[in-house]
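Visitor: One structure, as structure tokens, below. Some questions next.
What follows is calculated from the coordinates using simple rules that are stated; it is not laboratory data. Since the structure is predicted, the reported quantities are computational estimates derived from the model, not experimental observations. Here the Cβ is made from the backbone with ideal geometry for all residues, glycine too, and neighbour counts use every protein chain on show.
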Amino acid sequence: MAEKDEHTEDLTGLTDDERRKRGLAPDPVLPGQVAPKASPPRTVAVSFWLWVAGGVSLIVGYIQLRIDKPAVTQMYLDNTPDPRITPEQIISGVDRLLWFLLVASIVFSLLFALFAYKAREGTRSARTVLTILPVVLLLLIMITVPVLKLLTMLGILLFVAALILLYLPASAPYFPKVGRKK
């Protein structure tokens, strides 16, 4: 046992940021204790609010698209090459598609907010998820709706700006790479 004690280092008194830089989890919070607050760099804090603003913009953009349902329906009616598809089927399909997109925008916005919050706490894997989610969202948008409203495009631009902020040199030390132990 004495040999094991010589090789372990004293981790008491380290902040969560210092523990994270060493590849360790933050200290657990016991009942009655106040959880320590993360102190992210300004770029990470601004990125969090850009993710939230982009999510709100995305939701409002799809509400706007939902309100503009007649124009979207007409676009699909005008561009349907298959004469076997009836206008009633198109109208029903567009209605379902717009509801799906609205719900999907809410779900994606909640995911962005959740992982941006975790990234603000310094979780490296949250930054990775925030790198992948916008790509998935963009593919979903490109596949389903050829018409993008201004607010939807603004949301996507905010997501790109937020993602760039997470990878700037000022943010890099906040997301330490955990070394592998051999």
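Visitor: Considering the alpha-carbon set of segment 31-99 alone, what are its Rg and its Dmax in angstrom?
Guide: 21.7, 68
Visitor: Please state the relative contact order of segment 43-182 as a whole percent: Cα pairs under 8 Å, 6+ residues apart?
Guide: Working: 136 pairs, mean separation 64.7, N = 140.
So the answer I get is 46 percent.
Visitor: Another question, then. Which value, in debye to the nearest 20, gives the size of the charge dipole of segment 42-170 about its Cα centre, when Lys and Arg are +1 and Asp and Glu are -1 at the Cβ? Intermediate values should be presented prior to the final figure.
Guide: Details: 10 positive and 6 negative charges, 111 e Å.
Dipole of segment 42-170, to the nearest 20 debye: 540 debye.
Visitor: Another question, then. Report the gain in length on full extension from Ala170 to Met153: 0.36 nm times residue separation, minus Cα-Cα distance, nm rounded to one decimal. Walk me through the intermediate numbers first.
Guide: Working: separation 17, 0.36 × 17 = 6.12 nm, distance 2.71 nm.
Here the segment from Ala170 to Met153 would lengthen by 3.4 nm.
Visitor: Let me ask something else. Per-residue HN-Hα couplings for segment 71-87, Karplus 6.51 cos²θ - 1.76 cosθ + 1.60 at θ = phi - 60°, whole Hz, x for Gly and Pro?
Guide: Taking θ as phi minus 60°, the curve returns 5, 5, 4, 5, 4, 5, 5, 6, 10, 8, x, 8, x, 6, 8, 7, x Hz for segment 71-87.
Visitor: Quick one: Karplus J couplings for segment 152-161, per residue in order, coefficients 6.51, -1.76, 1.60, θ = phi - 60°, nearest Hz, x for Gly and Pro?
Guide: Running phi through 6.51 cos²θ - 1.76 cosθ + 1.60 with θ = phi - 60° gives 5, 5, 4, x, 5, 5, 5, 5, 5, 4 Hz.
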